[in-house]
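The values are calculated or read from the model by the stated rules, or taken from the named source; none is laboratory data. Model, not experiment: these values are computed from the prediction. For neighbour counting, all protein chains shown are included, and Cβ atoms are generated from backbone atoms with ideal geometry for every residue, glycine included. The accessibility values were calculated without ligands, DNA or RNA, using every heavy atom of the protein model including side chains. Shrake-Rupley method; radii C 1.70, N 1.55, O 1.52, S 1.80 Å.
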Amino acid sequence: MKTLDTAQDRYARSHLVFEQAQQLMPGGVNSPVRAYKAVGRDPIVVRKGSGARVTDVDGNPYIDYVCGYGPLILGHTDDRVLAAVNKAASKGISFGMPTKAESTLAGMIIEAVASIERVRFVNSGTEATMSAIRLARAATRRDKVIKFTGCYHGHSDGLLVEAGSGATTLGVPSSPGVPSSVTQHTLLAPYNDEQAVGALFAQHADAVAAVIVEPIAGNMGCVLPREGFLQELRQLCDEHGAVLIFDEVMTGFRVAYGGAQLLYGVKPDLTCLGKVIGGGLPCAAYGGRADLMQQVSPQGPVYQAGTLSGNPLAMAAGIATLEALQEPGVYDVLEQAGAALVGGLEAGAIAAGVPVRCSHVGSMVCCFFTDAPVENYEQALRCDTGAFGAFFRGLLDRGVVIPPSQYETWFVSTAHDPGCIDQTIEAASQAFEVLAGH
Ligand SMILES: *Cc1c(COP(=O)(O)O)cnc(C)c1O
């Protein structure tokens, strides 16, 4: 990628490592968005993280708003999480047999999330949504699933349709290799459009097993649910005997300890969790009403299993993270940091004359490069992704790393103190000025 000569030197080692990586792994990465394709340059290669910051292999420090794409709500190398993981590791790193830690974390989740009475741990959000849908189909004896364009629920076949996130960035709405015999059961509606959902229910009477939704959409940028939208989904599912699944893999324990369902006062039948509940280790879960969850194997016939599910290190990291989040005022601090960041970004953009629409819920933050409101995927796709790319590169050169796509959410952690936020706003203001050609 072409960059300034000085910048070239600054990122020399990252370029070298990434060049080698590309000979070894498809695109040099293990998850597509990491390759920076959408922002017109090679990725920085990370050496280490601490608190709100990461350092690349060239030694450049950055304030980090990727935060592992969501898990690191306490920032990097939090002492409490590290101590818990080290302690667990010293006692054995995997058993494939029950441990007490599984019950501890399960109990914490059930206590925190109002709609969850029973929970099953898995290893990734992809597994959680895939398994929740299998359960919903089994419980209703129906096949169809309604999902929303721009909502991402992992990369399982049936859900990889108009899926936002990395799929948007690459301009691949779905993917080759996904049989149409699978996706024919996936029905699509625009986000925030309950009327479209009502129409799908009418059209496919008694065939819809589930509605799956991100209660706050975080994989097409950050798009908030309009007032009443989630309530309408609850009502439609009740009317038609369908299972309402909240995919809270991103929002669970992030926007509130009880998740987005607490924030908006809507109770889903099943909830998917991930990211924060593993504190940065591979861990996810699905849970919900006991009468549904007891249909999962071995209590019931709906098969789902995992060699590493409930892994002791992941349980330890999750327990330590949730304990830290129980401290009074944590979510207020995250909200203040998110609000301060968004306020500063908006002020910087206005001063430079760059049209943006920022959104945030607590520590989920997004800056859309558009002058029109964004309430669904179609509107999100109208953003100026070229401007976003230039802004991204401007921030990177000024020591701030954000997710490398217009369609990802930035994550603030408890380690992002006011100094970090101010420094970010200063860097962003300069990047906006450069973008505007001042
Ligand atoms: C990240 C995410 C997933 C997928 O989780 P993985 O652990 O990457 O498989 C699913 N749903 C939502 C809402 C997510 O943000």
Summing -39500 (n - 2.57) over every DSSP H run of at least 4 in the chain, dividing by its residue total and rounding to the nearest 500, the 222 nm mean residue ellipticity is -11500 deg cm²/dmol
Given unit charges at Cβ for Lys, Arg (+) and Asp, Glu (-), the dipole magnitude of the chain about its Cα centre in debye, nearest 20, is 1140
With DSSP loop assignment and no more than 14 other C-beta atoms within 10 Å, the chymotrypsin sites (Phe, Trp or Tyr not before Pro) in segment 246-354 are Y303
For K144, the lysines lying under 26 Å Cα to Cα, once residues fewer than eight places off in the same chain are dropped, come out as K267
Measure of exposure for Y65: accessible area at 1.4 Å probe, Å² rounded to 10, is 0
Percent antiparallel among DSSP beta bridges confined to the chain, nearest 5, equals 55
Pseudo-spin-label distance E323 to Q294, built 7 Å along Cα→Cβ, given in nm, is 3.3
Across M315, M293, M25, the residue with the highest GNM fluctuation in the chain (Cα network, 10 Å cutoff) is M25
Taking the dipole of segment 325-383 about the Cα centre (Lys, Arg +1; Asp, Glu -1; charges at Cβ), the one of A340, S359, T370 that reaches farthest to the positive side is T370
Once both label points are put 7 Å beyond Cα along the C-beta direction, the E378-R141 separation in nm becomes 3.8
Shape call for segment 34-166, from the Cα gyration tensor axes a ≥ b ≥ c (a/c under 1.5 means rounded, otherwise prolate when a/b beats b/c, else oblate), comes out oblate
So the carbon and sulfur contribution to the accessible area of the chain, 1.4 Å probe, in percent, is 53
Connecting every pair of Cα atoms under 10 Å apart in the chain and solving the GNM, the largest mean-square fluctuation among S181, S50, S94 falls on S181
Taking the dipole of the chain about the Cα centre (Lys, Arg +1; Asp, Glu -1; charges at Cβ), the one of G300, Y264, V145 that reaches farthest to the positive side is G300
Subtracting the Cα-Cα distance of Q195 and V29 from 0.36 nm times their residue separation yields 55.8 nm
